[in-house]
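Input: a single structure, listed below in structure tokens.
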Amino acid sequence: MSVGAAGDAPGLRFQPDEPAPAKLAIGLGIQLAALNIAGVMLIPMVVMRAASVPDAYLSWAVLASVAVSGATTILQACRVRRFGAGHVLVMGGSGAFIPVCIMALAESGPALLATLVVISALVPLLLSWRLSLFQRILTPPVSGTVIMLIPVTVSPYVSGLLEGASAGAPAAAGVPLSFFATVLLIAAIALRGTGTLRLWAPVIGVIGGTALAGYHGLYDLERVAGAT
């Protein structure tokens with residue numbers, strides 16, 4: 001039902017199981033893709049770079065991350081029998097696994113990492129059958145603390161990558177500027193914008209930050225052109 005029907009909550013435009021118009025669905029899909037593709041690609045890039053893995057493995061790792069995350073997101077939205085939630089739940093990796101993945105690559109290479117990925121993927125699948133038993137353990141304070149500790153465990157590896165890129169200091173100076181410009185642009189549109197413009201705030205912010213990063217020379221397009 002639309003807004004104004006009896007019993008609807010104020011401001012509710014669509015019911016949970018009501019399909020949205022095609023234009024709105026496409027717009028929201030673009031936003032989700034733009035906001036989440038960076039994280040999906042960044043995790044395998046950080047892991048491979050920190051472990052000094054050749055570029056060939058890096059390319060395959062990024063491709064696998066994007067393909068699997070996209071396929072499982074589609075499965076979640078479409079729902080095939082008992083697989084999928086029937087709603088848009090963006091799938092992707094977790095930064096909590098970055099230190100373990102780096103150590104696995106350093107010890108025995110991609111073979112060990114691939115084996116651990118397959119095994120670890122089965123664990124949440126098995127836990128989901130009896131997830132209600134963990135409600136008293138996985139409380140908001142516990143899960144929130146784990147999420148806050150992720151940057152602490154990842155920061156040593158990321159800082160090492162930044163130190164290795166010290167030769168490009170002039171270009172690297174544009175990184176914090178691009179970050180804050182993106183955040184401020186999204187916040188300004190979300191807080192001050194009206195109507196449809198607020199829905200597009202994330203996409204506009206990402207485009208603005210990307211343009212600023214390109215202006216500071218943070219993109220190397222030669223390798224992209226060479227791959228085409």
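The values are calculated or read from the model by the stated rules, or taken from the named source; none is laboratory data. All values derive from a computational prediction rather than experimental measurement. Because the Cβ atoms are built from the backbone with ideal geometry, glycine has one as well, and the counts that use them run over all protein chains shown.
Looking across A61, A104, one residue alone is in contact with a Pro (Cβ under 7 Å, 6 or more places away or on another chain), farther than 26 Å from D17 by Cα and touching a residue at least 12 places away in the same chain (Cβ under 8 Å). It is A61. Scanning the range 186-220 for residues that are among the hydrophobic types (A, V, I, L, M, F, W, C), more than 14 Å from Q31 (Cβ to Cβ) and outside any loop (DSSP other than H, G, I, E, B) yields A187, A188, L191, A211, L212, A213. Looking only at residues that are part of a loop (DSSP other than H, G, I, E, B) and within 21 Å of A56 (Cβ to Cβ) in the range 73-118, which one is modelled with the highest pLDDT? Checking each candidate, the answer is G109.
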